[in-house]
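**Student:** Input: one structure, supplied below.
The values are calculated or read from the model by the stated rules, or taken from the named source; none is laboratory data. All of these numbers come straight from a predicted model, not from anything done at the bench. Cβ placement follows ideal geometry from the backbone for every residue including glycine, while neighbour counts extend to all protein chains displayed. For the accessible areas, the whole protein counts, side chains as well, though only heavy atoms, and no ligand, DNA or RNA atoms are used. Shrake-Rupley method; radii C 1.70, N 1.55, O 1.52, S 1.80 Å.
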Amino acid sequence: MKSPLLNLTAVFAASALALTACGDTADNDDANGAEDTGTEATDAEETDAEATDEDNGEDDGILAVVDHKYGPTEVPEPEDGELSVVALGWSDAEVALALGVEPIAIQDWLGFGEENHGVGPWATDLVSGEPDVIPRADAELDYELIQSLNPDVILNVNSGYDEEEYNRLNEIAPTISGPEDAANFNPGWEAQTQLVADALGLSEDGEELIAQTQQSIDDARDAHPEFDGLEAVTGSKFDAAYGLHTQGDMRWDILELLGFDMYGPAADIADPENFYADVSEEQVEIFDADIAVLFPIGYTVEELAADPLLASLDVVEEDRAVLLDDSEPLVQAFSAGSPLSIEVVLDELTPQLAEAVENLD
């Protein structure tokens, strides 16, 4: 699929030169003067136009210059007009697809599989080809594989921000990391969307996508004024332990955007340098907010509901907890945090939150 390329508008400014040429007669002076002035003025116009084109990136072969965590990166304009994109960051591929660009390779962070092209079901229909699906790499990336794909640009925006990894990727192709001040896997959905758009030469489209997604969030919040000011938490159970999702993780951020406040005891243990906090068995009461959204990782929702510590909480006993089934796309959409998956969360989670709020005294 061909990538939409950035349409650059060249701004031309010419300065006219009035030169007087020497000749043998006054008539020749007039004639030659007029001829020379026209010729040299044209040359000056061409020179100034070329300089202006260079200033605007028109003829220098650069599609975009993107500022990110590791400085400015130039993305070359592909000679064949088709940008080859490798999307390694969590949900980076979904953002690219939402902007009309199909990556040639996608790292499958949430295990969607080759049949789904490594993206959520909300994005699968946007894939027309057969991108390489790279299994999630908890260890070192397969740099040889990535190099063999010969990409024009590598998207690693929502990632672990390892500088050595970045440097190795950047040796293969221009690589776009996260925002300058972002913590690991915590770029924020707006910044991630804009950085991906910038890298693809689609900055204005990125701004529009952010605005559309924000409007959907605002519409959902306006439809549920009962959410405003209620205290909530989002958490998970995994490996016989618990985790709290905090600011910077869309699993919490979407609740905050809908009007909820983080439950005080949960906010007290939140780590500003991370998007989650470990929760011990002795701390499980931090989930006992007005509303809780809980989901299992490596467990079934039935096992989650049967957890004796969680089951003893008022929020669970009084049906004010939304327990998400890890076999349903909503759990994956809740974790993906891209504009496309946010729409799924708004459509499917918001009604469940409204039902839980109805059970408050």
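**Student:** Go over the candidates Glu343, Glu328, Glu302, Glu285 one by one and state the one that is closer than 28 Å to Asn184 by Cα, open to solvent by 10 Å² or more (accessible area, probe 1.4 Å) and at pLDDT below 95.
**Tutor:** Residue meeting the stated conditions: Glu328.
**Student:** Take Thr234 and decide whether it is modelled with pLDDT of 95 or more and under 13 Å from Ser338 (Cα atoms). Lay out the reasoning, then the answer.
**Tutor:** Values: modelled with pLDDT of 95 or more: yes; under 13 Å from Ser338 (Cα atoms): no.
Spelling it out, it is not the case that Thr234 is modelled with pLDDT of 95 or more and under 13 Å from Ser338 (Cα atoms).
**Student:** Would you mind finding the one in Asp228, Asp288, Asp239, Asp222 that is on the phi > 0 side of the Ramachandran plot and charged (D, E, K, R)?
**Tutor:** Asp239
**Student:** Return yes when Leu195 is surrounded by 18 or more Cβ atoms within 10 Å (Cβ to Cβ), among the hydrophobic types (A, V, I, L, M, F, W, C), in contact with a His (Cβ under 7 Å, 6 or more places away or on another chain) and under 28 Å from Glu348 (Cα atoms) and no when it is not.
**Tutor:** Yes: the conditions hold for Leu195.
**Student:** Just to be sure before I move on: is Val331 in a helix (DSSP H, G or I) and in contact (Cβ under 8 Å) with a residue 24 or more places away in the chain in the structure I sent?
**Tutor:** It is true that Val331 is in a helix (DSSP H, G or I) and in contact (Cβ under 8 Å) with a residue 24 or more places away in the chain.
**Student:** Could you check region 243-254 and list, in sequence order, the residues that are free of Cβ contacts under 8 Å to residues at least 60 places away in the same chain and either surrounded by 22 or more Cβ atoms within 10 Å (Cβ to Cβ) or farther than 17 Å from Ala321 by Cα (or both)?
**Tutor:** Within region 243-254, the subset free of Cβ contacts under 8 Å to residues at least 60 places away in the same chain is 243-247, 252.
Correct list: Leu244, His245, Thr246, Gln247, Trp252.
**Student:** Within the set of pairs 6 or more residues apart or between chains, which connect a residue that is among the hydroxyl-bearing types (Ser, Thr, Tyr) inside region 310-324 to a residue that is surrounded by fewer than 20 Cβ atoms within 10 Å (Cβ to Cβ) and not in a loop (DSSP other than H, G, I, E, B) with Cβ atoms less than 9 Å apart?
**Tutor:** Ser312/Val284
**Student:** May I ask you to list pairs of residues, at least six apart or on different chains, whose Cβ atoms are under 9 Å apart, with the first in region 259-277 being under 28 Å from Ser216 (Cβ atoms) and the second being basic (Lys, Arg) and crowded, with 20+ Cβ neighbours inside 10 Å?
**Tutor:** Filtered contacts from region 259-277: Phe275/Arg251; Tyr276/Arg251.
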